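Right, one structure below, let's go through it.
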Amino acid sequence: MEFRDLHYLLAIAQAKSISKAAQGLFMSQSSLSQALRLMEDELGGKLFTRTSTGVRPTQAGELMIQRAQKILGEYHQTQQMIQDMENLEAGRVDFGISTFRGGYLLPPALCRFCQRYPNIQVEIREENSMALEQLLIEGQLDLALIALPPVKLKDQVELLLQDEILLVVSHDHPVNALSRECVLDTGEVRRYVEVEDTMDYDYILSDYDTILGSLSRAAFSQRGLVPKVRNGNLTAPFSAAMARAGLGIAFTYRSCREDYPHTQYYSIGPEGVFLDLGLAFPPGNYRSRAALALADTLKQYYQTP
């Protein structure tokens, strides 16, 4: 059995389908099925059972999946230790971030990192925060930017920055007439809308299993409000685009705000609603020098006044 077989095993387990796993691995379904049969023959037990919707691991499969995660995690950690010996002249960081937030927050900081460490490769994995935590636990990531507080990780998380959740509407939406302003202690003028005043209008929301979707719904629940939801399972960029077009009210992050014409952004109430973002490392004491260098670059970029 080779390392690639372990990657095949984890891909099938994650996709819960041999055909979907084969697509993600850029190989034919027949080749992946044959590789699985050879693994089962070598191990002497069946690893997956076919179902009407795909496959699920057997008890032996669950055991092998756990072992594969541990083996690959230890191999990756050893690889990082060896690369560290090169004094950051070579190396790789597997970094995780959400697609929506990553498109706005990461590129400028990553550009600075690449200028400092041109020989270190950064491989980016796009998933939601909950999935990124699991990938860290499995040892498939060296570092990730996740929403706080973490769900599965108990430590190894450092606060990076605070992001604000905003309402986004078109310039001619009736909600604009309901906006108010307040002056912060810093002297900044904040434009805001009370969500209680918006219940006559349609909302466009992200899905429940996203951070933005869950926090926006929590804002309603905490106030005892039931919004009129026009669409409730769209991606954050899609929701914001529909709101900009005048189809309703959506939520977005301040870090992801774009200065589109005919678009207005408002804080939620005078205090605002905020989300902490943190840098998370995989469990354990070891952190590669390359991952630490990337974390330091991100902290310098976002925490330096």
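The values are calculated or read from the model by the stated rules, or taken from the named source; none is laboratory data. What you see is a predicted model; the values in this text were computed from it and never measured. Note that we place each Cβ from the backbone using ideal geometry, even for glycine, and neighbour counts take in every protein chain shown. Remember, those area values only see protein heavy atoms, side chains included, never the ligands or the DNA or RNA. Shrake-Rupley method; radii C 1.70, N 1.55, O 1.52, S 1.80 Å.
Just wondering, is there one or more residues in region 94-102 that are over 22 Å from Leu32 (Cβ atoms), at pLDDT below 90 and acidic (Asp, Glu)? Checked region 94-102: no residue is over 22 Å from Leu32 (Cβ atoms), at pLDDT below 90 and acidic (Asp, Glu). Among the residues making up region 111-141, those that are open to solvent by 20 Å² or more (accessible area, probe 1.4 Å), among the aliphatic types (A, V, I, L, M) and touching a helix residue (DSSP H, G or I) at 6+ places or on another chain (Cβ under 8 Å) are Val122, Ile124. Taking each residue of region 196-211 that is within 15 Å of Pro237 (Cα to Cα) and looking for partners that are surrounded by fewer than 13 Cβ atoms within 10 Å (Cβ to Cβ) and of a type in the set (D, E, K, R) with beta-carbon atoms closer than 7 Å, six or more apart or interchain, yields Tyr203/Lys228.
Regarding Val175, is this residue among the β-branched types (Val, Ile, Thr) and either surrounded by fewer than 19 Cβ atoms within 10 Å (Cβ to Cβ) or part of a helix (DSSP H, G or I) (or both)? It is true that Val175 is among the β-branched types (Val, Ile, Thr) and either surrounded by fewer than 19 Cβ atoms within 10 Å (Cβ to Cβ) or part of a helix (DSSP H, G or I) (or both).
Does Ala295 fit the bill of being among the small types (Gly, Ala, Ser), over 19 Å from Phe100 (Cα atoms) and within 20 Å of the chain's Cα centre (by Cα)? Answer is yes for this residue. Kindly establish whether Val189 is on the phi < 0 side of the Ramachandran plot, free of Cβ contacts under 8 Å to residues at least 24 places away in the same chain, open to solvent by 30 Å² or more (accessible area, probe 1.4 Å) and touching a Lys or Arg at 6+ places or on another chain (Cβ under 8 Å). So Val189 fails the test. Being β-branched (Val, Ile, Thr), surrounded by 14 or more Cβ atoms within 10 Å (Cβ to Cβ) and under 16 Å from the mean Cα position of the chain (by Cα) is a property that holds for Ile146. What tally of residues in region 67-93 results from selecting those that are open to solvent by less than 100 Å² (accessible area, probe 1.4 Å) and assigned to a helix (DSSP H, G or I)? Of the residues in region 67-93, 15 are open to solvent by less than 100 Å² (accessible area, probe 1.4 Å) and assigned to a helix (DSSP H, G or I).
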